[in-house]
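What follows is a single structure, written as C-alpha cells, with notes after it.
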Amino acid sequence: MRLDAPGPGDDRAPGPPRRPWLAALVLACLAPWAWGGGPAGGSGGGPDGLVGGPPGGVRAGGVVSASHPLAAEAGARLLEAGGNAVDAAAAIEFALSVVEPQSSGIGGGSFMMVHLAATGETFVIDSRERAPAAATPAMFRLSEVPAPRLFEVASGSGLSVGVPGTVLGLATALERWGTRPLAEALAPAIELAERGFPVNRFLAASIAKDHGRTRLQPETAALFRPGGVPLAEGQRLVQPDLARTLALIARDGPDAFYRGPLAQAIVQAQRRSISPVPAEGTGRMTLDDLAQYRIAIRPPVVGRYRGWTLATMPSPSSGGLALLQMLQMLERFPLDDKAASFGFGATPTWHVMIEAMRLAYADRAVWTGDADFGPVPARGLLDPRYVAARAAAISPLRRMPTPAAGDPRPFEPDAALGAERLPPAPADEEKGVHTTHFSVVDRWGNVVSTTSTIETLWGTGITVPGHGFLLNNQLTDFNLAPTRDPATGNPGANDVEPFKRPRSSMAPTLLLRDGRPVLAYGSPGGATIINSVLGMTLNLIDHGMTVQQAIDAPRISVTTASGAVACEGGPDFMQPPIGAMGFAALAALGHPMPASGRCEATIGSVQAVAIDLETGRQSGGADPRREGTVIVLPRPGPAANSPR
Ligand code: GLU
C-alpha cells in the first residue's frame, strides 16, 4: 500500500464539493476500467511500505466509501453532524436499501465489523438471516424441479427467505456503540425513498436484465417496471411504501419490523406459492421466527500475513478461514519479486493464487458452516502444519489434479470433531453474485467494515406488499441437498437446520498493525468475495499499490476445487495484465480458462478506507465496477459525543 501516492479518495486530491458539508471532498469513481498507467511497482511491498506517508498529512474528519454516492452522502451526513463510524454505517446501510435495493436491504442480513479506537476492541455484529424453526435439511427437495434448476427455482421462492437481521443489527449497533438515535440514521434513507433519486446505470441494468420470467414478482415489477416498462438510467425512482416502512421503524424501533402488522405482512408474502415454484416451495417463516430473531456479537477470526494482522469474518461465514488459509499458502512465494518472475499480473503469480484458491475452496465446501450448530475445525484449518502440507501440493509447473478437502482434524483441539473417514464434498452449486460492501472511519479512528446482502440480485424477487422492500433468498446459501453422513464422517456443516445461519462468503476485513487498523475493506460477489479480498490484500502488501490501484486492478477467481477460472481484463482482453499471452500461459499450465477466450468477468466491488498510523491521515478507495464513491471529511466538525 502506498500511502504516499495521491489517488481517488486521497484527502489531498481535488474534488467537487457536493453537499452542505462544503469542505468535504467527494470522489465518485465513475471512470471506466482504469488500469491506465497500471498498478504501481511491484517491488515495494513488505510491511514497512504500509505504514507512514509523507510528513504533513492532515488528520481527516472521517471517510466513507460506499458503492453508491447517495449512500456515501448519507454516511457523511452523520459524520458531519458529529456521529461516529457506527452511526454513519447505519445511515449508509439504510440508504443502500433504498438506492441499491436490488443488492441489500431491510429484508436481508449483514456482517458489520467494528473496531473501537478507545478500547482497541474488534468485533462483528452478525445480523445474518436465520432459518425458521420449521426448516429441515431436505426442505429444498422440490418434487417438480430437476436438480439443475433447483437453485434458480428455489431462489425465487418463499422457501428460501431467511429471517431478516438487518433492522435488529443496525438498531442494536446504534444503541450499544452509536451516538445517534435510530431515527437520525434512518432520516437520509427515508428522504431518498420519499423524494426519489435518479436510477443509476447499474440499477437500470439490473432492472432490464431480468425480463420478468422468473424473478420479479408482481409488486416488485410494478415498482421497477411501471406499466411494464423497465425504469431506465436517469429516471426517478420514488418508493413511498418503503419510506413509510422506514419511518415506522424510525418511530417504533425494531419491534415495528419483528412484531405486529409488518411482521404479519412479511410472513404472508413469503407464504405465497409463486409460479413456477411448486406449492412445497412456499416459505416456512412464522411470526414466532420473527419475534425470536437474535443477532450475535462475535470475535473476528485473526491471522497474519507477512507481518500484518488481519481481523476477518468468522463462522457463519467461510470467508475469514478461506482467506487466511490462502494467505498462509501464498506466503511461501515471493509474490513481489519480479526477478523471480512473480509480481502483479505475472503468470506465476496468477497460477499460485489459483492453486491456493482451489485448495481453500475444497476445504470450505466440507468444513465450514454455522459453528453454533456443529463444530467447525477452525484451528485445524489454520494450523501452520496443516496449511503447509496442503500448500506442498502447489507445483510451479502445472495445475494440480482436482484436490479433495483435507483433513484438519488431527490438528484440531476440538474433541467434538471425530476422526472418521474423510468426508465427501457436497456438489458445487451455482451461487449469486450481488450484495454490497462499504467501509467507514470516523475522526476518532473508530472503523466499520460492513457487507450487507439479500443474497442474489433482487433476493427472492418478492416485495412485501404495501411495505416496499424485497425479501432475501439467503437460505439458498445452505447445501440444497443434505450432506451429513455419520457413516463417512461428513459433518454436513452447511446443511439446513432450524434457527441455523446459512454459510456465507462475506468477509468484511481489517488490516491491522500493532492492534490498530490501517485498512477496512471487503466486497460483494458470492463465493468470489473471498478472492476479491485476497487480491486486495496481495495488491497492497506484495505489489505496493495504493488503495485505489489495488481496487482497480483486474481480479481472478476460482471458487471450487475443480472449477473454471473467472478473470477480468477490462473491455479488451488483449490489454495487460491478463493479455493474450497470460491467458494462453495459464491455459498451458492446465487451467480451464473462460471458453470465450477472453477475461471479461466483472468480479466484486471493493470499498475501502485507510488510516496512516504515523500521520493520522485518512483516505479511501472505491470501486469503478459500480458507482463507488469516497467522501473524505477533511477536518473535524463541531464537538460531538465522545466515541464509544
Ligand atoms: N449470500 C452471499 C453470502 O453470504 C452473498 C451474495 C453475494 O455476494 O452475491 O456469501
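Please give me the summed charge of the neighbours of Gly343: other residues whose Cβ is under 15 Å from its Cβ, Lys and Arg +1, Asp and Glu -1.
-2
Of the three principal axes defined by the Cα atoms of region 284-371, the extents in descending order read 62, 26, 20 Å. From the alpha carbon centroid of region 152-188 to that of region 530-559 is 29 Å.
The share of accessible area on region 445-524 that comes from carbon and sulfur is 56 percent, using a 1.4 angstrom probe.
Computed packing ranks the peptides 534-542, 170-178 as 534-542, 170-178, most packed first, by mean other Cβ atoms within 10 Å.
Eigenvalues of the alpha-carbon gyration tensor of region 50-186, scaled by 5 and square-rooted, set the equivalent ellipsoid semi-axes at 37, 16, 16 angstrom, largest first.
When the gyration tensor of region 123-218 is built from Cα positions, what are the square roots of 5 times its three eigenvalues, in whole Å, from largest to smallest?
Working: eigenvalues 208, 113, 19 Å².
With the √(5λ) rule applied to region 123-218, the semi-axes are 32, 24, 10 Å.
Highest average first, the peptides 342-349, 586-593, 124-131 ordered by how many other beta carbon atoms sit within 10 Å of their residues are 124-131, 342-349, 586-593. Every Cα-Cα pair in region 447-585 was counted, and those over 20 Å apart are 64% of them. Annotation for Glu614 and Arg271: the two label points, set 7 Å from Cα along the Cα-Cβ direction, are 6.4 nm apart.
For a paramagnetic label modelled on Ala291 (point 7 Å from Cα along Cα→Cβ), amide N atoms under 18 Å away belong, within region 90-134, to 132-134. Here's how it looks for Val518: its modeled amide H is under 5 Å from those of Leu511, Leu512, Arg513, which are all 5 or more places away or on a different chain.
Highest mean first, how do 604-611, 543-550, 404-411 rank when packing is the count of other Cβ atoms within 10 Å averaged over residues? Spell out each step's value before the answer.
On the way: 604-611: 30.0, 543-550: 27.1, 404-411: 19.6.
My ranking of the peptides, most packed first, is 604-611, 543-550, 404-411.
The ellipsoid that matches the Cα gyration tensor of region 219-274 has semi-axes, each √(5λ) in whole angstrom, of 26, 17, 6, with the longest given first.
Ranking Arg390, Arg516 by solvent-accessible area of protein heavy atoms (1.4 Å probe, all protein chains present), from largest to smallest, gives Arg516, Arg390. Taking the Cα centre of region 472-516 as origin and assigning +1 to Lys and Arg Cβ atoms and -1 to Asp and Glu Cβ atoms, the resulting dipole is close to 220 debye.
Remark: region 60-182 carries 21 Å² of accessible area per residue (probe radius 1.4 Å; ligands, DNA and RNA excluded). The residues Thr602, Thr560, sorted by heavy-atom accessible surface at 1.4 Å with ligands and nucleic acids left out, run Thr602, Thr560 from largest to smallest. If the label point is 7 Å along Cα→Cβ of Asp252, which residues in region 156-199 have backbone nitrogen under 13 Å from it? So the set is empty, nothing qualifies. For region 439-478, a Kirkwood radius taken over Cα pairs fed into Stokes-Einstein (20 °C, viscosity 1.002 mPa s) yields D = 174 µm²/s.
The values are calculated or read from the model by the stated rules, or taken from the named source; none is laboratory data. The shown structure was predicted, so the numbers you read here are calculated from the model rather than taken from an experiment. Using ideal geometry, Cβ is built from the backbone for each residue, glycine included, and neighbour counts are taken over all protein chains shown. Just the protein is used for accessible areas: all its heavy atoms, side chains included, with ligands, DNA and RNA removed. Shrake-Rupley method; radii C 1.70, N 1.55, O 1.52, S 1.80 Å.
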